[in-house]
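Engineer: Before anything else, here's the structure in question.
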Amino acid sequence: MLFAIAWRNVWRNARRSIITMSALALGVAGIVTLFSYREVANEAIVADLTAGLVGHMQVHALGYQEAPAIGLTVENPVQVEAALRGALPGATSERRVIGAGLAGSGDRSSPVMVLGVEPGVSNLYTLEAGHPPGAKEVLVGRALADDLGVKPADELVLVSQGKDGSVANDRYTVAGTFVSSSAELDGNAVVLPLAEAQSFFALGEGVHQLVVRLPLQKEDVTPETAALRNALDLETLEALSWAEMLPQMKASIDNKRKNQGFVDFIIFVIVGLGVFNAMTMAVFERTRELGVLGALGTRPRRVLAMVLLEALWQGALAFAVGVAVAAAVLYGIGTVDLSSMLGGDVMGVKMPSHLELKLLPGSLKGAAVTAFFTAIVGALLPALRAMRLEPVEALRHT
């Protein structure tokens with residue numbers, strides 16, 4: 001019965017209720033739209049990181065992440081991969097070698113990052129021109145190839161230092177050029193087949209990284225990282241999540257989420273004042289009616305519940321309309337082209353050039369809390385005032 005009475009009261013002054021619900025619905029739509037846009041962008045960034053450059057996790061020799069050195073290698077990658085499969089069923093791994101060197105062609109030279117990757121396993125890059133590298137062949141990042149003036153079939157000389165302290169140098173044929181998710185790789189990396197890189201740096205079977213990818217895309221891999229560590233010899237190895245390897249990127253994502261909380265609070269304050277004003281006027285206009293209810297024996301708690309339910313009805317309607325508006329905006333826009341806005345890297349990672357907008361279920365939680373909490377808080381003081389009305393005094397109200 002209280003629900004029915006509260007519903008009737010919502011429409012006793014339809015104009016005021018519609019204005020109040022419109023403001024609340026716009027707040028809900030704003031929260032849902034901003035949340036979904038931000039999280040779609042975050043998902044794209046994390047998916048790009050974990051699928052390519054960094055992976056969900058990595059295994060290194062102990063101390064490698066803090067101070068990378070050519071001699072800090074995982075000496076038994078086969079055993080480590082077996083432990084990985086036991087700890088994380090369905091996960092895949094990729095072996096990599098990473099070293100610094102100098103590349104030269106003709107009269108041009110440049111410091112480079114030398115990457116050894118497993119042919120057919122790594123998706124670190126996309127071949128742009130030429131063919132996959134074979135024996136004594138390399139791939140060159142597109143921007144680096146432009147700097148060195150090389151193209152497929154040209155000769156490239158690499159010079160570095162081996163693990164044993166010897167000078168590492170050799171001549172290779174450029175098999176092709178590549179592009180990747182990182183402008184740093186495009187401008188500085190030379191890619192060799194894993195065996196070629198191990199031979200070049202005199203590493204034997206050792207590798208610098210075992211890049212781990214999970215079967216399902218996810219941002220928080222803390223439980224999986226803990227499980228992997230439990231399966232490894234932590235006296236000689238270390239296992240790190242992508243967030244631990246890129247703490248600045250993780251902090252940036254978290255800060256954006258905190259900023260969203262601040263925006264939600266501002267919306268709550270602005271809309272809450274509107275609800276408070278509307279409910280105060282509604283109670284004031286019905287003072288005499290509330291006095292009659294009190295005189296007929298209606299308990300103060302039922303009066304309180306009636307006013308709060310009226311606010312909740314408005315919150316529920318505003319929430320439904322706001323979500324519908326947000327869905328219409330997100331799916332109406334569809335794909336957002338960011339290529340003209342984002343031209344470089346952020347902390348070594350290319351920002352996505354296109355985003356497929358969609359309404360994320362996670363956005364509804366914050367919007368629902370804002371809508372219903374705003375309605376309750378905005379109506380609480382007027383409801384308490386209505387509950388405390390003395391019937392005799394209320395009946396004298398005109």
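The values are calculated or read from the model by the stated rules, or taken from the named source; none is laboratory data. Predicted model only: the values in this text are computed from it and were never measured. All Cβ positions, even for glycine, are placed from backbone atoms using ideal geometry, and neighbour counts span all protein chains on display.
Engineer: Filter segment 117-160 for residues that are closer than 20 Å to Arg96 by Cα and of a type in the set (Val, Ile, Thr); which is surrounded by the most Cβ atoms within 10 Å (Cβ to Cβ)?
Structural biologist: Here the residue is Val140.
Engineer: Also, quick follow-up: Count, please, the residues in segment 161-191 that happen to be crowded, with 17+ Cβ neighbours inside 10 Å and of a type in the set (D, E, K, R).
Structural biologist: Total satisfying the criteria: 3.
Engineer: Is it true that some residue in segment 87-97 is farther than 25 Å from Gly141 by Cβ and not small (Gly, Ala, Ser)?
Structural biologist: Yes, because at least one residue in segment 87-97 is farther than 25 Å from Gly141 by Cβ and not small (Gly, Ala, Ser).
Engineer: Go over the candidates Tyr64, Tyr125 one by one and state the one that is within 28 Å of Gly176 (Cβ to Cβ) and not aliphatic (A, V, I, L, M).
Structural biologist: Tyr125
Engineer: Still on this model: Which is at positive phi and modelled with pLDDT under 90, of Gly204, Gly165?
Structural biologist: Just one listed residue meets the conditions, Gly165.
Engineer: OK, next. From the list Ser105, Ser93, exactly one residue is surrounded by fewer than 20 Cβ atoms within 10 Å (Cβ to Cβ) and either in contact with a Ser or Thr (Cβ under 9 Å, 6 or more places away or on another chain) or of a type in the set (S, T, N, Q) (or both). Which is it?
Structural biologist: Ser105
Engineer: Got a number for residues in segment 199-215 being buried (at least 21 other Cβ atoms within 10 Å of the Cβ) and in contact with a strand residue (DSSP E or B) (Cβ under 6 Å, 6 or more places away or on another chain)?
Structural biologist: 8
Engineer: Confirm whether Leu88 is under 15 Å from Leu240 (Cα atoms), outside the structural domain of Lys358 (by TED's automatic domain parsing), at pLDDT 90 or above and crowded, with 19+ Cβ neighbours inside 10 Å.
Structural biologist: It is true that Leu88 is under 15 Å from Leu240 (Cα atoms), outside the structural domain of Lys358 (by TED's automatic domain parsing), at pLDDT 90 or above and crowded, with 19+ Cβ neighbours inside 10 Å.
Engineer: Another question about this same structure. Take segment 338-384 and flag every residue that is farther than 30 Å from Ser17 by Cβ and at pLDDT 75 or above.
Structural biologist: If the condition is that a residue be farther than 30 Å from Ser17 by Cβ and at pLDDT 75 or above, then His354, Leu355, Glu356, Leu357, Lys358 are the ones that fit.
Engineer: Among the residues of segment 13-45, count how many are part of a loop (DSSP other than H, G, I, E, B) and either buried (at least 22 other Cβ atoms within 10 Å of the Cβ) or out of contact with any helix residue (DSSP H, G or I) (no Cβ under 8 Å at 6 or more places or on another chain) (or both).
Structural biologist: 0
Engineer: Answer yes or no: is there a residue in segment 252-273 that is touching a Leu at 6+ places or on another chain (Cβ under 8 Å), over 30 Å from Ser363 (Cβ atoms) and modelled with pLDDT under 75.
Structural biologist: no
Engineer: Follow-up. Residues of segment 46-65 being under 13 Å from Leu237 (Cα atoms) and in a loop (DSSP other than H, G, I, E, B), which ones?
Structural biologist: Result: Leu62, Gly63, Tyr64, Gln65.
Engineer: For segment 51-69, check the following and say yes or no: at least one residue is touching a Leu at 6+ places or on another chain (Cβ under 6 Å) and among the hydroxyl-bearing types (Ser, Thr, Tyr).
Structural biologist: Within segment 51-69 (the criterion being touching a Leu at 6+ places or on another chain (Cβ under 6 Å) and among the hydroxyl-bearing types (Ser, Thr, Tyr)), the answer is yes, since at least one residue qualifies.
Engineer: Any residue that is within 20 Å of Val271 (Cβ to Cβ) and without any contact (Cβ under 8 Å) to a residue 12 or more places away in the chain - is there at least one of those in segment 17-35?
Structural biologist: yes
Engineer: When you look at Val74, is it in the same structural domain as Glu235 (by TED's automatic domain parsing), touching a residue at least 24 places away in the same chain (Cβ under 8 Å) and surrounded by 18 or more Cβ atoms within 10 Å (Cβ to Cβ), yes or no?
Structural biologist: Yes, satisfied.
Engineer: Checking the conditions here, which among Thr50, Thr20 is under 32 Å from the mean Cα position of the chain (by Cα), modelled with pLDDT under 90 and hydroxyl-bearing (Ser, Thr, Tyr)?
Structural biologist: On inspection, the qualifying residue turns out to be Thr50.
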